[in-house]
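The structure under discussion appears below in the form of structure tokens.
The values are calculated or read from the model by the stated rules, or taken from the named source; none is laboratory data. Since the model is a prediction, treat every value here as computed from it, not as a measurement. Because the Cβ atoms are built from the backbone with ideal geometry, glycine has one as well, and the counts that use them run over all protein chains shown.
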Amino acid sequence: MEANIAIPSESKETWNGGGVKPFGASYGKMMMWFFIVSDALTFSGFLAAYGLTRFKFIDSWPIADEVFTHIPFIHGEYPMYYVAFMTFILIFSSVTMVLAVDAGHKMQKSKVAWYMFATIIGGLIFVGSQAWEWNTFIKGSYGAVKTTDGKILQFVKDGKQIALSDFVVDARVDGREQHTRKNGLWFEKEGTISEYSVAQVVNAYKANSDVQVRTELIDLDKKQKTILSREEGLDRLLKGKMVVEGANLKVNEYGNTIFADFFFFITGFHGFHVFSGIVINIIIFFNVILGTYEKRGHYEMVEKVGLYWHFVDLVWVFVFTFFYLV
Amino acid sequence: MAHAHESNVKRIWMVFGLLSVITIIEVALGIIKPEALHLHGPGTSWLNWIFIILTLAKAYYITWTFMHMEGEKKWFRRSVVWTAVFLIVYLVTLLLIEGGYLYETLSPLVKW
């Protein structure tokens, strides 16, 4: 270098730093890496906050494989399988991405295009799966009762959780109707009201002697939620304030509300990264087809986008572990 | 770049196989939850330690092979990896200690 001043570069050279390559890495690639470092710190901030909250509520945290138990189109309980499938999809799309980069080094245009295409499809399947997972989580599968002191009571029969509709018969009986703009004050409306009232659930509990109440408290020796005796269960149920079906940012039938908050926040932020990765991949895909990189003489752009895509996969590996496994 | 033109197709598939095997082991352990591993262990359960170690192994392979960190200059690699690892370990350690403290302080006040 001649002097310690910015080297005036021709406009063509702007994106590779005017040919200056510290550490032998181009400007764009280096900045992608440093962006990834900062983004990794953001994600670890979220996951560390999740860890703190989980440690704070270590004796009542929801057990993940009791929460995420569903597979599309199939009834019954299959914990883990669907997230495992999602993990595979993302790892596989990472493989096609790195194959695209590899083909780019060999200047094989059509191979790069096909591998990019496969990567985009993989990303779409993943985002779709995540949307389905959110939908299932928001709708909920069993229903629970929330007490005046903010505890969640679930119902079990022979040690297995059952849904409210399994033992509460009849439709809602307290005459409460959902308030919409049509049937009440036109300028007000309310969210969906629960299918059953608390009193109805209590009566059904009294009538079914084989139903028991399960609290959030974890028996730390067995790592299972505590099931109460019939009398104790009734005692807690009488403090019931509302019937909870599904989960949102305010209530959560699976237990701690903040568990749902973290679920939406962390998987949502990751899903947004996948979404933006797909958009960027599509742009690069069209550039490949148009021959932009063929003209430029190298496929480094595919490599940079690939770095981002692998990073999204890397984050998922950690989310998968700390949300679903540990 | 010297590493730019060699083909790694075989190695990529090998690493994919490895990542798949690790994921299958994780999922299998997560479903079976062997009692000896699930209910005992230092700090947290053995099972959790296995999950964390396997996750770090996966992260290593993704970064080194797929993101091609192994081909970058040594000090570029270190400027990325050391920075991130140091800051993350620091933050996680402090927050987890704090979380444990909050549990000890607050849980006696919660009536179940």
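Residues that are crowded, with 23+ Cβ neighbours inside 10 Å and under 14 Å from A:Trp134 (Cβ atoms) within segment A:242-257 comprise A:Ala247, A:Asn252, A:Tyr254, listed in sequence order. Within segment A:100-112, can one find any residue that is among the polar types (S, T, N, Q), farther than 16 Å from A:Val243 by Cβ and not in a helix (DSSP H, G or I)? So far as segment A:100-112 goes, yes, one or more of its residues are among the polar types (S, T, N, Q), farther than 16 Å from A:Val243 by Cβ and not in a helix (DSSP H, G or I). Among the numbered conditions (1) closer than 16 Å to A:Pro62 by Cα; (2) part of a loop (DSSP other than H, G, I, E, B); (3) of a type in the set (Phe, Trp, Tyr), the only one that A:Phe187 does not meet is (1). If you check A:Thr42 against the conditions, is it out of contact with any Asp or Glu (no Cβ under 8 Å at 6 or more places or on another chain) and either buried (at least 19 other Cβ atoms within 10 Å of the Cβ) or of a type outside the set (Phe, Trp, Tyr) (or both)? Judged against the criteria, A:Thr42 is a match. Scanning segment A:226-236 for residues that are surrounded by 14 or more Cβ atoms within 10 Å (Cβ to Cβ) and more than 18 Å from A:Ser60 (Cβ to Cβ) returns A:Arg230, A:Leu234. Checking each residue in segment A:223-239 for being in a loop (DSSP other than H, G, I, E, B) and touching a helix residue (DSSP H, G or I) at 6+ places or on another chain (Cβ under 9 Å) picks out A:Lys223, A:Leu228, A:Leu238. Report whether or not B:Glu26 is farther than 29 Å from A:Leu220 by Cβ and either more than 9 Å from every other protein chain (Cβ to nearest Cβ) or buried (at least 19 other Cβ atoms within 10 Å of the Cβ) (or both). Taking the combined requirement at face value, the residue does not satisfy it. Of the residues screened, A:Phe43 is not one that is more than 9 Å from chain B (Cβ to nearest Cβ), modelled with pLDDT under 95 and within 25 Å of B:Ser20 (Cβ to Cβ).
On the stretch given as segment A:54-79, residues that are at the interface with chain B (Cβ under 9 Å from one of its Cβ atoms) and either part of a helix (DSSP H, G or I) or out of contact with any strand residue (DSSP E or B) (no Cβ under 7 Å at 6 or more places or on another chain) (or both) total 8. Residues in segment A:152-176 that are without any contact (Cβ under 8 Å) to a residue 12 or more places away in the chain and either within 23 Å of B:Trp112 (Cα to Cα) or exposed (fewer than 12 other Cβ atoms within 10 Å of the Cβ) (or both): A:Lys160, A:Gly175.
Here A:Pro62 clears all of (1) free of Cβ contacts under 8 Å to residues at least 12 places away in the same chain; (2) surrounded by 19 or more Cβ atoms within 10 Å (Cβ to Cβ); (3) not small (Gly, Ala, Ser) except the condition numbered (1).
Taken over segment A:243-289, the criterion of being over 19 Å from A:Asp313 (Cα atoms) and without any contact (Cβ under 8 Å) to a residue 40 or more places away in the chain is satisfied by A:Leu249, A:Lys250, A:Thr257, A:Asp261, A:Ile283, A:Phe286, A:Asn287. Among residues of segment A:85-100 being more than 15 Å from the chain's Cα centre (by Cα) and at the interface with chain B (Cβ under 8 Å from one of its Cβ atoms), the one that is farthest from A:Gly271 (Cα to Cα) is A:Leu99.
The rows are residues; the columns are (1) over 30 Å from A:Gly306 (Cβ atoms); (2) touching a Lys or Arg at 6+ places or on another chain (Cβ under 9 Å).
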{"residue": "A:Gly122", "(1), (2)": "no, no"}
{"residue": "A:Gly128", "(1), (2)": "no, no"}
{"residue": "A:Thr148", "(1), (2)": "yes, yes"}
{"residue": "A:Lys160", "(1), (2)": "yes, no"}
{"residue": "A:Val168", "(1), (2)": "yes, no"}
{"residue": "A:Asp174", "(1), (2)": "yes, no"}
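Every listed requirement among (1) facing chain B (nearest Cβ under 8 Å); (2) touching a strand residue (DSSP E or B) at 6+ places or on another chain (Cβ under 7 Å) is met by A:Tyr82 save one, (1).
Yes/no per residue for (1) in contact with a His (Cβ under 9 Å, 6 or more places away or on another chain); (2) crowded, with 20+ Cβ neighbours inside 10 Å; (3) of a type in the set (D, E, K, R):
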{"position": "A:Phe259", "(1), (2), (3)": "no, yes, no"}
{"position": "A:Ile278", "(1), (2), (3)": "no, yes, no"}
{"position": "A:Ile282", "(1), (2), (3)": "no, no, no"}
{"position": "A:Phe286", "(1), (2), (3)": "no, no, no"}
{"position": "A:Ile289", "(1), (2), (3)": "no, no, no"}
{"position": "A:Val305", "(1), (2), (3)": "no, yes, no"}
{"position": "A:Phe311", "(1), (2), (3)": "yes, yes, no"}
{"position": "A:Leu314", "(1), (2), (3)": "no, yes, no"}
{"position": "A:Thr321", "(1), (2), (3)": "no, yes, no"}
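Among the residues examined, A:Phe322 does not qualify as at the interface with chain B (Cβ under 10 Å from one of its Cβ atoms) and touching an Asp or Glu at 6+ places or on another chain (Cβ under 8 Å).
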